[in-house]
Each structure stands twice: as structure tokens, then as C-alpha cells.
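Q: Below you'll find the structure I mean.
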Amino acid sequence: MSQNGKVRTIARIIDSIRQREGGGFIVRRPFPTQSVSYVDPFLLLDEMGPADYAPGEAVGAPDHPHRGFETVTYMLEGEFQHEDSAGHRGFLRPGDVQWMTAGAGIIHSEEPSEKIMREGGRVHGFQIWVNLPSQLKMTQPRYQEVPGSGIPTAQTEDGLARVRVIAGEALGVRAVIETHIPIVYQDWTLSPGASASVIVPQEQNAMIYVFEGSVAVGDRQNVLEDGQLGVLGLGDTVQLFGTQTGGRMLLLAGVPTSEPVARYGPFVMNTVEELQTAFNDYQSGKMGEITRGAKYG
Ligand code: CO
């Protein structure tokens, strides 16, 4: 068998559904939905907005817990503010990435900045949930925040394909964010005529989510349109092409946990008993609380 050469094709197309998320903000969500619960090891893919909020209209997700997985937030436009029970707080601005390993448990709030709450404005970004294998579900919470300027970028020689490498490796450039299990998370912009290939090892599940224009995958005939998620089949190479309109997409891949998934709202464990424990631990305050300073006093 050749070292690399099996090009992945689109095995399944999932249309995203525009809906109001629990906290109230508008998302475009290919999964989880009624028909697709998760794409191992990814548990959720939300495109937040783009939404243009009027003054006083923006909403976010006030204090809530997580256990058993990681939440990854990537901003394209607008500004988010966050705080958590481990004492982290800050802003996410366009291009910034927050990779939060909830592990054993954390409580956090994620909301548009006070400025956007007050004056209105556009919010656009992504949140994905990455599952953790059973032996890592109760790991110590970990927090990685990288400003947009710190996310490695690369482009093909002709400049027609450009990538921001949040996780994994593309065009010879490696991500700075560390992941517990091998994960690929890349934001690709493909102009008309672009051509690029990425090695994504056989053992990883891979998918492409288009959020602007369209993108051709595998061969030029297989086109994904804005809002579509393409789950890729077996192989070790992902081939990307620019269409006549060009487009922008996320490439996501990861080694599946291949374990049972028990999920209830913000908790994702392996069994119902573990979910019950998570809920009890949250209720009894074992996941901590957000200590708020003078700002709120
Ligand atoms: Co959250």
C-alpha cells in the first residue's frame, strides 16, 4: 500500500438547521439534531450567528456547568466575554480561540461583551464540543486561550488556498494548541481555482462544514454548499478545491472514542449513572462557582 494516496470522498451530507440555542442565541447546527446525535469524537457543532443584535437584544449563556468533554470557541466577528470557576476571565475577539477542557467539571459563563449587549452589533463564531475518552473524562480542567495573532496560518504557493491552523497540521504548519486526543480543526478559505491537500490519518473521522460560498471535496464534482456538513469516508488525504464562487469551511477530524455516549445537557459521560453523579456533584457545589469581584458588587 502506498504511504499516502487514498483520497477521502463525501460519505454523507448533513444540512444544518438554524435554531435558537438554549441560552437564546441563534445558531446554525448540523448536529446534534434529531437524526444525528454526534460524529465521534465531536459532540456538537454550532455556528453562532452571524446575528446582528440591536441594542439590549444580545443574549449569551449565563453560569452553567460542563463535565466530560471540551468546549472550543472560535470567534470570527464580534466579542465574547467569559468567566469560569477556575478563575479565568477575559474577552474573545475576532480570530481568538478558547480551548477549554471541562474534564471533571467547571462552571462558566459565555456572553457577548457588555459593549455588544449595550450597543448591539454582529456576532459570528463557532463552538464545538470535543468528547474525551473515559480515562480523561475526570481529568483536571485545562484552559488554553490563543489570540488570533497567535494562531498559525499558511497558504499555498499561488495564495488561492489559505488556512488558519487551530489544531492539527496543514501545508507544513503545526498548531500551537495542545489536544488530549489527536484533533484537526482548521479554517480554510478557498478562492476560485484553489487546490490543496491535507493528510488526515486513516484512524481519524473527518468532516467539512461550509459556512460561506461552496467548496469542492475529493474531486471537483463533489460540492458542499453553505451550511452543509460533509462527513468524509475512509482514506488518509483530504483534497480541497475552490469553486467558481469560492468558499470558506472548517476541516474537523479526530480519533473516535468508540465508547458509549450518555449525554444530558451540559454533561457528556459514558453511562447514565455517571450523568446522575455529575448532576449531583453540580447541585452540591462540587464543580465550584464563579467568584465575582467588585465589577459586579
Ligand atoms: Co459552556
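The values are calculated or read from the model by the stated rules, or taken from the named source; none is laboratory data. Remember, it's a predicted structure, so these values are computed and weren't measured experimentally. Using ideal geometry, Cβ is built from the backbone for each residue, glycine included, and neighbour counts are taken over all protein chains shown. For the accessible areas, the whole protein counts, side chains as well, though only heavy atoms, and no ligand, DNA or RNA atoms are used. Shrake-Rupley method; radii C 1.70, N 1.55, O 1.52, S 1.80 Å.
Q: Scan the chain and hand back the longest stretch that contains none of the GluC sites (Glu not before Pro) lying in DSSP loops with at most 14 other Cβ atoms within 10 Å.
A: So the longest stretch without any such site is 58-156.
Q: Kindly sort Leu234, Leu171 by accessible area of their heavy atoms, largest first, with the probe set to 1.4 Å.
A: Leu234, Leu171
Q: Using R₀ = 35 Å, calculate the FRET efficiency as 1/(1 + (r/R₀)^6) where r is the Cβ-Cβ separation of Gln283 and Arg122; round to 0.05.
A: After rounding, the FRET efficiency stands at 0.40.
Q: Return the FRET efficiency for the residue pair Val272, Ser134: r is the Cβ-Cβ distance, R0 is 22 Å, and the value is rounded to the nearest 0.05.
A: Plugging the Cβ-Cβ distance into 1/(1 + (r/R0)^6) gives 0.95.
Q: Per residue of the stretch 235-248, in order, report the coupling 6.51 cos²θ - 1.76 cosθ + 1.60 (Karplus, θ = phi - 60°) as ³J(HN,Hα) in whole Hz, putting x for Gly and Pro.
A: Listing the rounded values in order: x, 10, 9, 10, 9, 10, 9, x, 8, 4, 8, x, x, 9 Hz.
Q: Right, here's the next one. I need the phi-derived Karplus couplings for the stretch 279-288: 6.51 cos²θ - 1.76 cosθ + 1.60, θ = phi - 60°, integer Hz, Gly and Pro marked x.
A: Listing the rounded values in order: 4, 4, 4, 5, 4, 8, x, 6, 8, x Hz.
Q: Using label points projected 7 Å from each Cα along Cα→Cβ, tell me how many nm separate Ser195 and Lys6, to one decimal.
A: In this crude label model, Ser195 to Lys6 measures out at 2.4 nm.
Q: Order Asp52, Asp281, most accessible first, counting only protein heavy atoms with a 1.4 angstrom probe.
A: Listed by decreasing accessible area, they come as Asp52, Asp281.
Q: Tell me which residues come under 5 Å, amide H to amide H, from Asn222 once H is placed; ignore anything under 5 positions away on its chain.
A: Close amide H contacts, sequence-distant or interchain: Val217.
Q: Roll a 1.4 Å probe over the protein heavy atoms and report the accessible area of Arg292 in Å², nearest 10.
A: Here the residue's solvent-accessible area equals roughly 80 Å².
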